[in-house]
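Have a look at the structure below, then the notes.
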Amino acid sequence: MAQSNYELLRFEQIGGTFRVAATGENNCTLSSYNRRDFYKISVILSGGGELFYANRNIKFDQPALIFTNPMVPYSWADNPDVEVTGYFCVFTETFLLEGGRMESLKDSSLFKPGGDPLYLLNPAQTEYLKGIFLRMREEMDSEYIYKHELIRNHVQLIIHEAIKMEPAVAYAPPKNAASRITQLFLTLLERQFPVDPPQFTLQFKKAGDYADQLAVHVNHLNAAVQEVTGKSTTTHINDRILAEARSLLRHTDMSVADIAYSLGFEYASYFNSFFRKHAGLTPLAVRKEVKL
């Protein structure tokens, strides 16, 4: 599957929390983009393609506005016969919260896992949204002291414009659904690591957490993962947590309590019990092995 060329192109940045880009400008690369942190809004002006988001996919061949959540795996396939043109911006939730927005983007109908990420545009909407992206880029280059506030307002205008629209509804069930859901689960699982404490700690700890992010019933997720991999969802999660725990014990000076917290354990005693059950020894025993 070909990734769209608008994924890593011309970027401008405000304090590490906002970037905006246009297609076809290959004079900049993205060196610090962390998909765990950034929400993304794209406007596709021409070209179309196919969006794979959570357990759904949608094909379109007209201008569209797309919202993607950093905690929901997604990918994009270009229409090979037509050049894709458009703009996109990526930003952290903090960027909008600094402007007084109170609602969490995770709960927004535009970004939540079970929401509708794609909105088809008529010509008037296309020109309006194109103008907003152009104004955001102009503000990036200005010396105006309040340009951050202006850019936040532009992002809010895009969000409100989408709320007024009817989403595209032609979602198609993916082929080989079990394989697709399993791959999404494994992608999302791996995306949780490394935990990068204390800035980032494990967010999804149970099969139900992953099912919620992928907008599927937990029983459906469990059945798909078991069918495709021969291992349960919980086994995959526990194995990955155990591997991360070993790495942190061997290669960092973090205390066992801090490691436990970063991996989602409320108490160090719970982590010790988990580690002993799955590794056959205690966390301290692993750390002592390294020092020998």
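The values are calculated or read from the model by the stated rules, or taken from the named source; none is laboratory data. Keep in mind it's a predicted model, so treat the numbers as computed, not measured. Note that each Cβ is placed from the backbone with ideal geometry, even for glycine, and that neighbours are counted across all protein chains shown.
Pairing each residue of region 57-80 that is within 21 Å of Tyr128 (Cβ to Cβ) with any residue that is surrounded by fewer than 20 Cβ atoms within 10 Å (Cβ to Cβ) and among the acidic types (Asp, Glu), provided the two are 6+ apart or on different chains, yields C-beta distances under 8 Å for Phe60/Glu50; Leu65/Glu161. Taking the criterion of being modelled with pLDDT of 75 or more and part of a loop (DSSP other than H, G, I, E, B), the residues of region 112-134 that qualify are Asp116, Pro117, Leu121, Asn122. Taken as a whole, the structure places Ile44 among residues that are assigned to a strand (DSSP E or B), β-branched (Val, Ile, Thr), at pLDDT 85 or above and on the phi < 0 side of the Ramachandran plot.
For (1) surrounded by 18 or more Cβ atoms within 10 Å (Cβ to Cβ); (2) in a helix (DSSP H, G or I); (3) without any contact (Cβ under 8 Å) to a residue 40 or more places away in the chain, each residue gets a yes or a no:
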position	(1), (2), (3)
Lys231	no, no, yes
Thr234	no, yes, yes
Asp239	no, yes, yes
Met254	no, no, no
Phe265	yes, no, yes
Arg276	no, yes, yes
Leu281	no, no, yes
Ala285	no, yes, yes
Lys288	no, yes, yes
